[in-house]
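Asks: Quick one: the structure is below, questions incoming.
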Amino acid sequence: MCCGPNQRIPYLFSFVLAKCFTQNFIHHPGASILFFVLLIARLILFFSDPYDMEAYGQLPHEVLMLVQMVSIFYIVFFYLLHSKELLYGVQSFFTDGYRIMLEKMSAMFAVHVLCQGIMVMIAYGIFSLVYFIVGIEPSDFYLSLLRFLAVYMFGPLVLSIMYGLMVAMFFGTKKISFFVILVVWIVTGSMTTELFIDFFQKVHANDWKSLLFIGKHAVQHVYNSYIGFEVDRGNELKLLTWFLVLFGMVLMLSIRWALTARERNVVMKVLLVLPFLVVASAYGSLESNTKAFTRADQTTEINDYRKMNIDVKTDLRYDIQSYSISLKEKQATVHVKFSRMDTMKPTFQLYHAYPIKWIQAEHKRIKFAREGDIVTVYLPEGTTSLTFRYDIVDTSFIPYTNGRTVLLADKAWYPKKRASQMYKIYEFVIYGTKERLWWNEFTDQFLPRENNDFTLKVDGDVLFCNLPKRGSVYSGEAQAVTLIKGQGHRFVYKGYQIIYPADWPKMDERVSTVVPQLEEAFQDVRQLAPTTVSSLPKTIVFSSFGLSSFMANDHLVYNTNNSYAIDKYHLEQDFYEKMLRLSVQPKGSFVMYNEWIHAAAQFLMEKRDLRKIDMFRSHQSDVLPKSKQELIKSIYFAFQQLSLEQKQQFLRKWYQEMDETWTWDQVSQLVKESGAIGYLH
């Protein structure tokens, strides 16, 4: 240690680097090797699934558990290294011993950062190789992957050194140190939200409690179709906040070894500045965090709709001639022209989460009131148009993050002529229990048949819009507008425009299987009941997670709701049931309509000789009395005895005659008349 300060730093760096490879093997290099052994093992398990996977974007969540596992080895390694240095009291042998101690810790940190940087690049190489092999196309998806690994692998593992240094300075070589390390490892690890799920599932994205963890809200959910990985400024600022807090704690603990008043004064000045930086970065994190991936924000959103008045007074005595929509970053300006206005208090459906800045008529701001998604506007005489100005904000229903958003036609992201809230929740009590059953859907799943003229001007790159592009704007007639600014791909196949997420592999090769399956399913459905459209739309938007599903005249949004490959049939794929729900309007009671869907899906699978499970009622009928449940079972039993032609005729007539007054006795009588064998009890 006789070298000068300028020569000492490179020497300390090389000294610590050598220590990493000469000390107990399992502590640093061994932990790194263990990480990749476990990662490769997890990837092998993932690809051993008998069905091809679709949700490859969820694959990087594997690193969260591995980071939790290996971080304890790094904490212990740096604890032992630094506690022994302090035990020998080397820093007191020199006049600048305190500075030497800080330089040693800085060297440890620099070496650890270098090693973790190399680890991240190796992990990135492994994931990229896997994605390249399975056929994920080159795009900014790969850059998002690197950012995800930097936030959820590099960041937490780098911080592990600071935990070790703090325990070493606070407890020295006392045996209690290892217990403290264990506690610190558990409460600060990437899996904290899973270990303490009851607490963290109630934490919102902009809640200060979200600063208490550096992992994810939901560990298995790391990627949303078109939105990408869960990475945003909020993630990086949270890591910065943690680094500043830990850096301040390390400095504070180090003061006891300061030898001169000058050293203490310099450290105290730094400590006085740090709280302001911590508050600034913490505030920025809370303001920037995305809500798309949080359990609590989704739960709150659903609960908000449970509390909304579904019988709010509406006045739709007007007709819309045209929309002119301008989206500039988050700011939305919508100009609505009317062909008829027979009321002074028209109501519109507009997503309640979007703050309205103002509404103008004839360039003058006018009064309005909101009740949930219903906006009542108080018009002056002779109003022929209105202009709405509001913000598109990030929510769990309609995410907006990193400049990406998915504004679907079934959402009220612009003012619509509707008489209901945007989201509907059916709630039932299962018969004989206190357990509740929920069924949720967007009220615009079946869009009105009338078209409107739309003009849409939007900044940034647009992946998809169902309006044709004319110069710099999108314009044309449509039932409603879908706009996707996000991460994905598109191509044309035999007249179909196909849009799909960036994590779906080789879709251009598989579409020759997928589209005929959908065409076949749609035509089979048309043999059972009238459909809302006459043919499969020529534009199909696919997704795995997050999006709702609906069918308009000009485009179909098809969410698989699972991770299995869309071109492989299996029970979970349920594309027959999904096509029924997308194209056949609900009739009759909620439970009876769902039973019809259930029976029809079983028939269609049997007709195509596909593997199925004969279930003698759907779970929605759990809300009925036991006598009704038994009657439904007997109807299914008789239904299974019919020939394919008899089943088809029965399902057709059931749907045709079903209304709110229909009873299960009438369904029972109908199945008897269709040729059932035996008597139904």
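Asks: Can you tell me how many residues in segment 604-614 are modelled with pLDDT of 85 or more, under 34 Å from the mean Cα position of the chain (by Cα) and either open to solvent by less than 10 Å² (accessible area, probe 1.4 Å) or more than 8 Å from TYR576 (Cβ to Cβ) (or both)?
Replies: 1
Asks: What's the number of the only condition in (1) part of a helix (DSSP H, G or I); (2) in contact with a Gly (Cβ under 7 Å, 6 or more places away or on another chain); (3) buried (at least 19 other Cβ atoms within 10 Å of the Cβ) that ASP297 fails to meet?
Replies: So the condition that ASP297 fails would be (2).
Asks: Given the conditions (1) open to solvent by 30 Å² or more (accessible area, probe 1.4 Å); (2) modelled with pLDDT of 95 or more; (3) in a helix (DSSP H, G or I), which single one is not true for ASN303?
Replies: Evaluating ASN303 over (1) open to solvent by 30 Å² or more (accessible area, probe 1.4 Å); (2) modelled with pLDDT of 95 or more; (3) in a helix (DSSP H, G or I) leaves (2) as the failure.
Asks: Further, regarding this structure: Listed residues VAL458, VAL473, VAL481; which is out of contact with any Phe, Trp or Tyr (no Cβ under 7 Å at 6 or more places or on another chain), touching a residue at least 40 places away in the same chain (Cβ under 8 Å), more than 30 Å from VAL130 (Cα to Cα) and not small (Gly, Ala, Ser)?
Replies: Going through VAL458, VAL473, VAL481 in turn, the sole match is VAL458.
Asks: VAL533 - would you say it is touching a residue at least 12 places away in the same chain (Cβ under 8 Å) and in a loop (DSSP other than H, G, I, E, B)? Before you say what the answer is, go through the steps one by one.
Replies: Details: touching a residue at least 12 places away in the same chain (Cβ under 8 Å): yes; in a loop (DSSP other than H, G, I, E, B): yes.
Taking the combined requirement at face value, the residue satisfies it.
Asks: While we're looking at this one, here's another question. Among (1) modelled with pLDDT of 95 or more; (2) in contact with a Gly (Cβ under 9 Å, 6 or more places away or on another chain); (3) hydrophobic (A, V, I, L, M, F, W, C), which single condition is ILE214 missing?
Replies: All conditions pass for ILE214, except number (1).
Asks: Please go through segment 194-234 and give me each residue that is among the small types (Gly, Ala, Ser) and under 22 Å from GLY284 (Cα atoms), ordered by number.
Replies: Of everything in segment 194-234, those that are among the small types (Gly, Ala, Ser) and under 22 Å from GLY284 (Cα atoms) turn out to be ALA205, SER210, GLY215, ALA218, GLY228, GLY234.
Asks: If PHE276 satisfies every condition in (1) farther than 30 Å from SER420 by Cα; (2) more than 31 Å from the chain's Cα centre (by Cα); (3) modelled with pLDDT under 95 but one, which is the exception?
Replies: (3)
Asks: Right, here's the next one. When segment 395-406 is examined, which residues are found to be of a type in the set (A, V, I, L, M, F, W, C), in contact (Cβ under 8 Å) with a residue 60 or more places away in the chain and either open to solvent by less than 20 Å² (accessible area, probe 1.4 Å) or within 24 Å of ASN451 (Cα to Cα) (or both)?
Replies: VAL406
Asks: In segment 103-150, what residues are buried (at least 18 other Cβ atoms within 10 Å of the Cβ), of a type in the set (S, T, N, Q) and touching a helix residue (DSSP H, G or I) at 6+ places or on another chain (Cβ under 7 Å)?
Replies: Selection gives GLN116 alone.
Asks: Also, I was wondering about something else. Hey, can you tell me all the residues within segment 395-406 that are β-branched (Val, Ile, Thr) and in a strand (DSSP E or B)?
Replies: Correct list: THR401, THR405, VAL406.
The values are calculated or read from the model by the stated rules, or taken from the named source; none is laboratory data. Nothing here was measured: the structure is a model prediction, and the numbers come from that model. Positions of Cβ are generated from backbone atoms using ideal geometry, with glycine treated the same way; all protein chains shown enter the neighbour counts. Just so you know, the surface numbers come from the protein's heavy atoms only, side chains and all, with ligands and any DNA or RNA stripped out. Shrake-Rupley method; radii C 1.70, N 1.55, O 1.52, S 1.80 Å.
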